[in-house]
Each structure stands twice: as structure tokens, then as C-alpha cells.
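Every number here is computed from the coordinates shown, using simple stated rules; none is lab data. Since the structure is predicted, the reported quantities are computational estimates derived from the model, not experimental observations. No Cβ is skipped: glycine too gets one built from the backbone with ideal geometry, and neighbour counts run over all protein chains shown.
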Amino acid sequence: MFEFTLSPEPTKAQISGGVYDVVIIGAGAAGLTTAIYTARDGLKTLILERESAGGLAATTEMIENYPGFPDGINGAELLERFRRQAERFGAEIIEFDEVVKVNPIKVGEIEVHTEGGQVYTGKTVVVATGSRPKKLNVPGEKEFYGRGVSYCATCDGPFFKDKNVVIIGAGNSGLQEGLQVLEYAKHVTFLEFLPYTRAERILQERVKNHPKSTLLFNQQVTAIQGDKTVTGVVAVDRETKAEHVYPADGVFIYVGYSPYSAFVADLVETNKWGYIITDEKMRTKVPGLYAIGDVRADNPAQLSVSVGDGAKAALAIRDFILELQG
Amino acid sequence: MALLNDEIVRNVTEMLAGLTNNVRLVVFTTKNGCEYCKEIVQLAQEVAATSPKLTAEVYDFDTARDKAAAYNITMAPAMVIVGARDYGLRYYGIPSGHEFSTLLYGIQRASEGKPDLDPQTLSFLNGLTQPVNIQVFVTPTCPYCPRAAILAYDMAVASDKVIADVVESMEFPELANRFNVMGVPLSVINANSRVEGAAPPYMIVDAIKAALA
């Protein structure tokens, strides 16, 4: 019945220190994959993670499209296995410390500064920071954050047992997370801006066939209402222009993601949305600095793709370090 | 049946091998509507068995009133993590899921007796003259929650004015309702100032200042 996730933060004393062959920023699927490869290859590998290891995939209740798990697997469990595999080969992981600056000193020496005041040095650095949920930017969103507005159904879903919930955004994330909320909630209304959904068909079918759900398209959310806590969501039907207030105790927002790349924005090339541009070997324009996973441009934000990115970067790093050694 | 599987026991044993001072897990159970008290006791005992520096003690909150009062425990189930002294580290509910990390971190910090905080935060905490109670509301499925919880634990280790209560929201619905907890992590300072999310130390410092103003 109970699960015990082992993600303790090592004390600084347990970290070996010195110059690392690879410093990976972000312990999601991409970063952990690079670490599995590089640590197994004998490269001294450090991973820095602002939260607990696992990244976005670890907040997904059930992952059904990752090869090798015909019955699906819980995201936290899968990513815990990634972590253990990386640690088995000697990768060191520091959690709950956020990287605030990356400072290339010379080729083969890049400093990484953290919010906790630590400075780590890597011959190579991999940005694997992923993305974070986009804000909707409507009145009420900020005011009621933590008082009914949430971006994490895994974290906060249980607070809405037998209550009315609105999920804003009916893409893959919205439907997947909404299905989880449906386990607790009295009713879940999905409001999608587009006249259709890009979500996987299997998720669409599950939501449409669920007795406690309503899926509405062409809905532009204009405000989140409340008193001390959320009471409703105001949306305009883009076709009929009619405004409607959907009563809600909870609102989960899944309107896409934005990359977590601001801390390297002055170093690397990014596309107009802030995703980091790399070549096919995951290299940025800074020698020894790589970007992988959801933070990278032209990445479809899929677990399998992040794993592929992580492996490609690890192979490129091996070549880079061999060249450094002459 | 054991709560912790062999692999987790092996990893926890390895992790806690470096404990310096002895740590006691002081557990308070209750017969009044406690869904997981049996499991909390079992968990404390299984964790305690991983290190010779660790012990578990169990008290009945409803009868061992003096003991509960000594640790300022006002509700159960509760676990107090006591190192060389009582630094003010408490966990209310069962530390399962991601919150297992919070428990292990608390044990390490209580053993070492040294916080892992930046100099500015330490300097602020050292200057505290009034009591500060940080209540961190969490759920076991929240991967962001341990960050808020361990920050509160670090602050409690840093200052004898700070008590850090990590509260599993689902097990204390009345308390969670009282503070309108609808998202986690949520840090509440002295019951009158709150910070939503896994906030950096300076935001908690600001909230403490606001609570004491």
C-alpha cells in the first residue's frame, strides 16, 4: 500500500568535489540517462537538481508508452530506477539546490554556480533542466495559487475529493492529469482553447467515456474567480461569444510548458520560445556545453526522446574529453 | 510484512552509515482515528534497525501526556527526530512516498547537528529572539515537497527558536482546512504568514520577518 521513494540529499561532505568530467544540470530522464552512460564509462559525473530527482516524468501517475513496460509503469518508480542505475555506476547527485549561473572559463573548464552558494567545475556541462508549466496569465491565477489553483495533479489532486474541478487545457498533459483527478473529484470539466485536442486518442476516449467528465472545446478562459479560495472559472465560447462561469473548487492548468533555460540564455542560442538550439550531437555553440531533453529546441517532449538525447550527449562528451586529453 | 524492501533497507543502511551522534525517533500514536499508526511505528522501527546510532521509542499520545508536553506535541500521529538535543524536527503523519526522503534528511541533520544553509540565512536565524513555528504542509505524492520540508528542518537545526512541523495534509484534514491548504508544499509561519511552493530560503526568511512584525 505504501511506497517509499528514496531520494535523500547527500550532505556536501559526501560529494567528492574537485573537477568533474561532466556536470549535469537536471535529474530528469535526459540527465539521468547521460549520467548512466558517462558514469559507466568511468567519467566523474555530478548531477545537480533543483527539486527531487525524476523530473516531469516522475510526476506522471502511469506511463504507458515507454518501451519495455507492457502494463505501464508509475513515473516515479521508473525514474527512481533511472536514478539507481546512474548511482550504481558512481554518479553523484545533489538535490534541492538550483543552478543560477553557468560560467565558461576556458575550453574544458566550465563553472556552475548554485543558489546554495556552491561552485562546481566540469570539463563539460549538460543542461537537462526540462520545462515548467506555462502560466495562463489571467486574473485570479496568481491570487489563488495554492488556494485552488494548481499545476500538479499528482501533488494536489487528493485535496479535491468529491469536489468540482476544472482542468484548463486538454492536450496530453491535461487529459492525463485530469484522469487522475477524476479518481477523487465529483466532476471534472476540461476547457480547451482549440476546437480540437492534440491528445493521444486513447486518452481522449477515456475522458469522453468517463461518467464524471465534460470535455469542452473553443473555450477561452478569461478569469479565475474566488473568495478565500477558488469558486469558479470564467470562459468565453469562442464561437458563440457567450460567457459562462464553471463552478470549481479546484483548477489545474495545463496549457503547455516553457523551457527552463533563462540561466544560460546569454550563452547559448535559443529559438523564439527560449528552447536551446543544438546540433545533432546535442552541442550548443559553447564548447563542452550540451543541452538535452525538453529544454532543447525541436524536441517533442517525450520520455523516449529525452532518453535518446541523453545517450547522444554522453557519446559526444566521451569524444570531447578524449580530444581534451589529446 | 516489512514496509521497506531489501533494496531500500540496503540503501538506507549505506546512507545512514555516516551518522555521527545518536538519533532517537520518538513516535506518538493515538487510538483516536489514527489510520496509519501501526505502520508509522513499524516504519520507525525498520528505519531504526538500519543503524546502531538510531533508536525508536513509542508513546501513546493519549496517556503519555507529560512526554508529549515535553516535546510540545499537540496532535498525533507524530514523530520527533531527536539528535544530541531536540532541534525541533517533527513529522506529523506517515513519511511515505517522497516524504521518506524528508525523514532520512531529518535523521542526518539531527545527527550532525549542523544545518546546510547559506551564510545570510544562518545570520538571520542566529539573530532570532522570538519563537518561530514553521508548519510545512505536504502530500506523499508531491516531488516538490521535500525541498520545502528539509529547508524548514535546516532552519530548526540552525536556531533553537525554530520548530519545524512537517504535516502530511491528508492525515490532518482539519488542520489543512484551517489554513485553506489546497496545494502543496505550503509553509505557514506562526500560523499567520504563508509561502506557497518550494520557496528558496530568502522567501521563508521574509515570511518569518512578516510573521514576527
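If the limit is 18 Å between Cα atoms, which of A:106/A:285; A:186/A:208; A:123/A:285; A:142/A:228; A:134/A:208; B:114/B:161 go over it?
On the way: A:106/A:285 13 Å; A:186/A:208 16 Å; A:123/A:285 15 Å; A:142/A:228 13 Å; A:134/A:208 25 Å; B:114/B:161 15 Å.
Among A:106/A:285; A:186/A:208; A:123/A:285; A:142/A:228; A:134/A:208; B:114/B:161, the Cα-Cα distance tops 18 Å for A:134/A:208.
Could you work out [θ]222 nm for chain B from helices alone, using -39500 (n - 2.57) per DSSP H run of at least four and dividing by all its residues? Round to the nearest 500 deg cm²/dmol.
Rounded to the nearest 500, it is -11500 deg cm²/dmol.
What is the distance, in nm, between label points placed 7 Å from the Cα along the Cα-to-Cβ direction at residue A:269 and at residue B:130?
5.6 nm
What nm value, rounded to one decimal, do you get for the distance between residue A:277 and residue B:38 when each label is placed 7 Å out toward the C-beta?
The two pseudo-label positions are separated by 6.3 nm.
Please get the size of the charge dipole for the protein assembly as shown, origin at its Cα centre, with Cβ charges of +1 on Lys and Arg and -1 on Asp and Glu, quoted in debye to the nearest 20. The partial results should precede the final answer.
Working: 50 positive and 65 negative charges, 102 e Å.
Here the size comes out at about 480 debye.
If a cysteine in the protein assembly as shown has no other Cys Cβ under 4.7 Å from its own Cβ, put it on the list, ordered by number.
Lone cysteines by the Cβ rule: none at all.
Okay, helix-only estimate at 222 nm for chain A: each DSSP H run of n ≥ 4 adds -39500 (n - 2.57), divide by all residues, round to 500 deg cm²/dmol; what do you get? Spell out each step's value before the answer.
Details: 6 runs with 70 residues, N = 326.
That comes out to -6500 deg cm²/dmol.
Among the DSSP beta bridges whose two residues both lie in the protein assembly as shown, what percent are antiparallel, rounded to the nearest 5?
45 percent
Just to be sure I follow: if Rg is taken over the C-alpha atoms of segment B:119-212 and Rh is the Kirkwood radius over the same atoms, what is Rg/Rh?
Numbers: Rg = 12.4 Å, Rh = 13.0 Å.
Answer for segment B:119-212: 0.95.
Return the single residue from A:309, A:21, A:266 with maximal mean-square fluctuation; model: Gaussian network over chain A, springs between Cα atoms under 10 Å.
In this elastic network of chain A, the residue with the biggest mean-square fluctuation among A:309, A:21, A:266 is A:266.
Of A:207, A:20, B:94, which is farthest along the charge dipole of the protein assembly as shown in the positive direction, counting Lys and Arg as +1 and Asp and Glu as -1 at C-beta?
Of the candidates, A:20 comes out farthest on the positive side.
What's the Cα-based Rg to Rh of chain B, Rh via Kirkwood? Before the final figure, lay out each step's value.
Details: Rg = 16.1 Å, Rh = 17.1 Å.
Using Cα coordinates only, the ratio equals 0.94.
Quick one: grab the alpha carbon gyration tensor of segment B:21-100, order the square roots of its eigenvalues as a ≥ b ≥ c, and give me rounded if a/c is under 1.5, else prolate or oblate depending on whether a/b is larger than b/c.
Numbers: a/c = 1.71, a/b = 1.17, b/c = 1.46.
Note, shape of segment B:21-100 comes out oblate.
Report, in debye and to the nearest 20, how large the dipole of segment B:119-212 comes out about its Cα centre when Lys and Arg carry +1 and Asp and Glu carry -1 on their Cβ.
Values: 5 positive and 8 negative charges, 46 e Å.
For segment B:119-212, the charge dipole is close to 220 debye.
Rounded to the nearest 20 debye, what is the charge dipole size of segment B:21-100 about its Cα centre when +1 sits on each Lys and Arg Cβ and -1 on each Asp and Glu Cβ? Before the final figure, lay out the partial values.
Details: 8 positive and 9 negative charges, 46 e Å.
Approximately 220 debye in magnitude.
Restricting the calculation to Cα positions, tell me the Rg (one decimal) and the Dmax (whole number) of the protein assembly as shown in Å.
Answer for the protein assembly as shown, Rg first and Dmax second: 23.3, 72 Å.
For segment A:149-165 and segment A:67-93, what is the separation of their Cα centres, given in Å?
The two parts, judged by their Cα centres, are 27 Å apart.
Springs between alpha-carbon atoms under 10 Å, Gaussian network over chain A: tell me which of A:233, A:188, A:245 tops the mean-square fluctuations.
Residue with maximal mean-square fluctuation among A:233, A:188, A:245: A:245.
I need the Debye-formula profile for segment A:1-135: one equal scatterer per C-alpha, no solvent, reported as log10 I(q)/I(0) at q = 0.19 1/Å, two decimals.
-1.08
Could you tell me which residue out of B:5, B:74, B:37 lies farthest along the dipole of chain B toward its positive end? Charges go on the beta carbon: Lys and Arg +1, Asp and Glu -1, centred on the Cα centre.
B:74
Which one of B:61, A:89, A:317 has its Cα pushed farthest toward the positive end of the charge dipole of the protein assembly as shown, where Lys and Arg give +1 and Asp and Glu give -1 at the Cβ?
Looking along the dipole axis, the top candidate is A:317.
I'd like the distance between the alpha-carbon centres of segment A:173-247 and segment A:102-134, rounded to an integer number of Å.
Between the Cα centres of segment A:173-247 and segment A:102-134 lies a distance of 39 Å.
On average over all directions, what projected area in square nanometres does segment A:149-253 have, based on the convex hull of its Cα atoms? It would help to have the intermediate numbers written out before the result.
On the way: hull surface 23.9 nm².
Averaged projected area of segment A:149-253's Cα convex hull equals 6.0 nm².
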